[in-house]
Every structure is written in C-alpha cells, then in structure tokens.
Amino acid sequence: MSERGDSGYVYFYRIVGCDDELKYRAEIVCLDEKLKALGNYIRFDKAIHITTDSSLIDQTRKLFDQVPLKDFSNGALLNLLETRGYFSLTPNNQFTVQIKTAFGVMLELYLIKQPTINLSMLVNFLTKILLWLADYGKQICKESIHNPKLVYWGSPKEHEIYFLILMSLIGCDVLVLNTSFIDNFDKVDKQNEFSFLTKKANDIPIGAFPANPSEGKKCTGIEPPKSEKVEENLSNSQGKLALNDHIIVVKLKKNENVFAEILVPLSKRSGYVGKPYPIIPAYFVRYIGAPATVDDWEAEYYNSLYNLDKALQMSGAYIKFIYGIPTPYAAESAAIPHKLIDYPYKDRLEILEQILQSNILFQTHDELLDNTIRRAFVDIATLFAERNSNINLSILLNFTLKLVTWLNRYLPELFSSKNKGFDYERNPKILFYGNIKPHEIYLLCAFHKIGCDVLFVHSQEDGDKPFQSFDLHQQVTKLIKHTHTLPLASFPQVEQVIRKSTVAYNASKEIEEVIYSEDVGLFQPWQFESYLTQPITLKTTYDELKILWREQARIRPEFKVQNKKVYVPNLFAKINGVNENINNYWQDIKALSLAANTRLISDVPFSHISYTKQELYQTAYLLNQQGLFDEVKVVESKHYKFGYLKGPLQHFLITKINELILSGMFLGTVDEKFKLKILMTILTMDDYLVKLIEMFDYPQEIPKVIVYDNEKETFSESDAILLAYFNIIGLDIVIFTPTNYKTIEQHIRPSFLDVHQLPLVKFDLAIPALSNITSPATKPGLLSRILKLR
C-alpha cells in the first residue's frame, strides 16, 4: 500500500469471459499461489458460504426488530450496529468509522437498486451481509504491508455482489474471475461505478477452480461444457440418445416485424435447409411494450395481437398460453413410474439416464424428430442444473419430471398423428402472453430447440425481468423492446374500433413536431400539459418584481423546456412596510392585482379546514413505505375530489404534493401527521384556488396570488402549506405586510422567498377598494404651461 501513493486506492476488477484458456488457467494458478503467501487472502469458489448456526442467525435478525423500515436509510441502523460492535473488527477506531461509512454506502446502493422492497427482504439481505462480515472480515484484518485480497471464482449472485462492493469500500482488492457471460453485476453496478470490467471474447461455462500443476494435475484448460460431458456419457450408456444420431438443427432468427414474419413458411426463410439434414430458422422473440406508429396505438396494439392469434390458429399447430402454464395435474403425476421417483440417484447424469431409458418421453413416428425431442430434453435439464448450481438432486429430479410432463402434454398437440412428424413447411407456433415464471421459460426453450416458433408478449417492461435474468445477452432469445408500455390487460377477445389518420393529418403533425419542439421556442396552447414543472424562484429587487410580474413564463430569464419538464421562473416575495406616499403603495398593489389570472386575498388566515381529525388520520394508509403518497390509492380514496380534471393534471397535482413533502421548505418537522395535513389541506382547498392551477399553461401567463396581511392574526399552518404548494407548482406569490410583522416566516424557511423593506410601518391599515385608487396626476410640461394647454 505504501507504493500506491497518498490516495491509497484499491483494485476491483471483473474479468468476464475467456480468451486463451491454457494461458488464463496458468495465470490464475500463479496468482493464487502468490496471494496465499500474503496471509490475508480469501478465495471464494462459486459461492460465499454462510454460517449454519441458527442461534447466531436468530441473534443477528433480532437486531432489526428495533428499527422500522422507514429508518433503515437515515442512519439509525448504522448507529445501532456501531454500538453493538458489528463494525469493530479491529481496535483501530478509524478503521471502524471506515467500515461504518462503507456499510452505509452499500446499504444506500441496495435501497436504490430495489424496485420494490419490504422489511422481510431487507432483514434477510442485511442478516446475510452481517454474517459474512463477521466470518470473513476478521480473517482479513491482519497487520500487513499489503491490503486484504479477495478472489471470487465464478459468477457472483446479487447479494454476493453487494458484499464484494462492501469489502472493496472497506479497503480490499477484489478480483472476480468469471469465464461465462452470465454477469449479475448489470443489476447492481451496470455503469461500472464500483468495479472495472474487462470482457474477453469467449463465453465458457464455469468449471472447477484451476488446479496447481505441482499437485500432479495437468493444466488442460477450463473444464469442457458440462452439457457435452453429459452427452458423451449418455452416448456410452444404454440411453436413447447418441451423439451421432441426426437431429433437427434449430437456428435462432430475429425480425423486427415478427408478427408478420412468424407466418412465413419455413421454405421461404433465409437459412432454411430441408431433409435429410434439416436446419430450421425459428423465432424465439420477447416482444416487450407496444409500438406507437399510429395515433390510436393502444387499440392498434391489441388488434394486432387479436389478428395474430387468429392467423396462428389458421396456420397449423399452435398453442397459446395466457394464464401461465398449469403445473402437472394429479393424473399426469400418477403416470410417472414410481421407480423414477424412488431411485437412489448419485448424480444428475443418472437422473437423465433413467428417464431416457424409461421411454416415458413423447414419441412420434419420425425418428429425426424423436432424436430432437430427446436432445432438447437433455439440453434443457442440463441448462437448468448449470444455472442453479446450488440445487440438490431432489430439486433437479422434480424439475426434469415436470419438464417430461409438460412435453408429454403439449407435444401431441404440436406434432399430431395426422402431421406424421415435423412439418417442414409450417413449423408449430407458441404464443405466451403475460407474466412468466422461470420454469416456464425453460419449457419455451425446449419448444424452440425442437423447432417451434416461440413468441413471448408482455406490454410492460417489468414483464421481461425473468428473461433478463435468464438470457441477458440474448444468446437464447431475441428482444424487441418498444418505448411505450401499457398495463397488462386480458388477451383481446374482439377487435377494437380504431381511428386512422389521413395523409394530410399526418403531414400536419410532422410539421408541428418540427416547429413546436422543446428547442425551437414556439409553443402551442397546452402543449406541455402532460409535463411537470420545476420552479426556478427568482431573486429580484422590488422594482424588478413589478416589471417581471406581468411577463409570461417563456419571456422571463431561466425559462426552458427540457426532459419532459417546464422550468418556470416564478416569484415569491414579501413586502414589509409601506411607501412614504401611501397612494403609491396602493397603486403598486392595484397594478399587481390587475395582471391576468391573479387572486387578491385580504383576509388572513384564508384557508378553511373542512376535515375532521378522524378523517385526517384515516388517510394514513395512503402513504407508501418511502413516506410518500401512493397516487393510485389517493385517486381511489373517498377524500379525493379532483376526478373531474384531466388525467395529466391529476397526476401533476399528486406529484407536486410529494415534491412538497421532499422540498425542505417548512421550518417544522415533516412527520407523518404533517404529511397528512399537507394532503388534506390541498385536497380540500377552495375551488377558486384550484381554478388558478387549472388556468396554468406553463410557458404562458403564470397564475398569481397576492396576500394582504395587516393583522396580528397571521398565516395559519394550512395557509403556509397552500402557499408553499403554489410555489412548488410555479405560481407567483407576493405578500404585503404593512406592519413588518413576522408572518409567513413562522412556517416557511426565509431562504425560499425575497423580503423587500419599504420605508414606513403602518398598523391597522385596511386595504381600500382598489377600484377607487386613481393614478397620480402627471405634472404638465414646460411647453404646456407656456401655451396654457393644461
């Protein structure tokens, strides 16, 4: 470490894939020997093992009973762990602080990366991390001129990746050696912020850790793929599959217009070769989201599915899954010979041998097809075992028997007796619509290996997550992903009525997209109603405020439209005192109040509480685990009254409520009770205030609120909530306080608004009827007086 300079940097590298196997193996053996000599080195071989001591596990889990979910990210957990000594791996207090800081960074990363999280998930994760830290942390905390070294051989699982990141942040050098392209770091560190990626050319299944030649083992490279070893052994057994048996070769094919191309006969597809050694170009496509090539794109999407389904029904052998794939029925399970269930298997090879020898797999009158079915079964069972290296033989047996049952259920439908084997003109089709489970993916893979076209359709991006874990690099499937998404609905049963644009209409829309873009600066009325606003509250002088008050948002400095947001330069000011000439003071208020979309409020407090305490606390269920309001629940609640507004505006109002909670504008603590007050105050505000927001076309005239406050009875908490809410939306606000009293500053942090001081202070100064305030007379000029024109 002394040779690494003052920064004391550490290494965290991932080598994914492999180039020259022999050379790579020799390098690893050499490195392993050198690291062992350092004394503070740990090597993980395909897994980070965890203690099985149940008492220790229970003791660790009980720690989290004291910390609610909402406090996991605010430092409460870190302080608790520190007081219990979980970070004190050495007597060095500085190192303890370093571990605590690293743990906090790792925990924050985990919370950010999880799309949904609950207390049980978090406790399981942290229990595992703490047990690992206790086991492996003390092993590497030895005094040495070298910092600790960790080498992970294989593809780390997600929780293991977080632990490796933690150890790197503590100060360890970390090296992940993964010969395969299965890299779960994409889920945690896709941008390589915590580790550096070196990717090699070849994807090789992960074998045993390279052996030391000095121990009598010959360096012959990485283990051969396991599936090849299984087939080699099967070919030498009495099983029903041999390596020299001819099979149908299936090549993965992709086309962006898959709904049409999947109907094209095999003989017309590029790459097709017929008997005696057939090569089948077959589709296995994940079709995610919906294209938006027409105006009525939602209806068009469902109509395309409906028409595809009808066309596939007419094309020949076809199966559609829309509610998942039913698990084996009782009768199907009973058909499995008991000897297969009770057999004392030694390894997975024996499982495959016994199943093949039992002849329970579906058979046709086509030898080539039967060979292909058996080969697909072996490949998928082997793939399952390789992808789940920690499973036991019982789980593998259950999966293979389920696979046999599924194949026996559906293959007769795809290869009926009338087809007499494989149809080399129109191969069978599989359509899977909706949410899918991992085992179901393996069955779809088996169908494709047999020569079927397989299409997985889901209208949401999240629906593709199981496939992302299974086939991240699209080696087994091809992904067609659209930018638009839809909530997953029932598979269409009828064709919907749609509207089609004319050529002239489309041309007009194209011109509008060019002219009225975010960058050009020309805007249509309500062009950005689906956008959000981002207020940029301007710091101005009092004279500038009066000038800018009448300017549209797009004319003011700092206005811009970017990333689906309209940045609105708004005003938030308080005017203390009055002018020496009181008439000028009234003139200013009158001039400001005459601006478009302006509301003058002269009675403070101006908000009216129309909800009871019981109703207030009844809304607590609307808060999610992050302490923000769940939009769907709010809209469905009985207190919600904005259902008559346009959908984008409703979304805007609720989003702004959550932004207000996170804004830091309030002096008081924004606890759960105050959050509920914020929600109920906004949901029950007077209609005239709602109409101000309704009139806000973001680049145009900014709605305005003027408050005249001349009494000791100043702003209520609800008033402050509404004014802060208006500011977050982007409205202009000015408060006139002739008394100089501290008013709005009792609730809102002064840094969020300007305060302008006029010369005099007046008490009990009632606001007159502004319509009676006349403009000051203009003095006649010299020429007018000479000519007596005035």
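The values are calculated or read from the model by the stated rules, or taken from the named source; none is laboratory data. For clarity, every value in this text was computed on a predicted model and none was experimentally measured. So basically every Cβ, Gly included, is an ideal-geometry build from the backbone, and we count neighbours across all protein chains shown. Note: accessible area is taken over every heavy atom of the protein model, side chains too, but ligands, DNA and RNA are not part of it. Shrake-Rupley method; radii C 1.70, N 1.55, O 1.52, S 1.80 Å.
Against the criterion of being modelled with pLDDT under 95 and more than 30 Å from F736 (Cβ to Cβ), Y611 does not qualify.
When the residues of segment 148-176 are filtered to those that are surrounded by 23 or more Cβ atoms within 10 Å (Cβ to Cβ) and in contact with a Gly (Cβ under 9 Å, 6 or more places away or on another chain), which remaining residue is farthest from D20 (Cα to Cα)? Residue satisfying both the conditions and the ranking: I170. Summed over segment 549-581, the residues that are under 18 Å from I735 (Cβ atoms), open to solvent by 30 Å² or more (accessible area, probe 1.4 Å) and either free of Cβ contacts under 8 Å to residues at least 60 places away in the same chain or assigned to a strand (DSSP E or B) (or both) give a count of 0.
In this structure, does Y640 turn out to be among the hydroxyl-bearing types (S, T, Y), in contact (Cβ under 8 Å) with a residue 24 or more places away in the chain and closer than 22 Å to I609 by Cα? Answer is yes for this residue.
In segment 77-106, which residue that is hydroxyl-bearing (S, T, Y) and in a helix (DSSP H, G or I) is most open to solvent (accessible area, probe 1.4 Å)? The extreme case among them is T83. Can you name every residue in segment 468-483 that is open to solvent by 70 Å² or more (accessible area, probe 1.4 Å) and either of a type in the set (D, E) or in a strand (DSSP E or B) (or both)? Within segment 468-483, K481 is the sole residue that qualifies. When V264, V273, V230 are checked against the criterion of being modelled with pLDDT under 50, at negative phi and among the aliphatic types (A, V, I, L, M), a single residue qualifies: V230. Filtering segment 664-683 to residues that are open to solvent by 30 Å² or more (accessible area, probe 1.4 Å) and of a type in the set (S, T, N, Q) leaves only T669. Selection of segment 107-131 for residues being part of a helix (DSSP H, G or I) and without any contact (Cβ under 8 Å) to a residue 12 or more places away in the chain yields I112, S120, M121, N124. If you check F399 against the conditions, is it open to solvent by less than 40 Å² (accessible area, probe 1.4 Å), farther than 30 Å from L488 by Cα and in contact (Cβ under 8 Å) with a residue 12 or more places away in the chain? It is false that F399 is open to solvent by less than 40 Å² (accessible area, probe 1.4 Å), farther than 30 Å from L488 by Cα and in contact (Cβ under 8 Å) with a residue 12 or more places away in the chain. Taking the conditions exactly as written (open to solvent by less than 60 Å² (accessible area, probe 1.4 Å) and touching a residue at least 24 places away in the same chain (Cβ under 8 Å)), does D630 satisfy them or not? Criteria not met by D630.
Kindly establish whether K449 is modelled with pLDDT under 95, assigned to a loop (DSSP other than H, G, I, E, B) and open to solvent by 10 Å² or more (accessible area, probe 1.4 Å). Here the answer is no, as K449 does not meet what is asked. Residues that are open to solvent by 80 Å² or more (accessible area, probe 1.4 Å) and not hydrophobic (A, V, I, L, M, F, W, C) within segment 326-342 comprise T327, Y329, H338, K339, D342, listed in sequence order.
Search segment 675-717 for residues being basic (K, R) and out of contact with any Asp or Glu (no Cβ under 6 Å at 6 or more places or on another chain), and hand back the single one that is nearest to F763 (Cα to Cα). The extreme case among them is K712.
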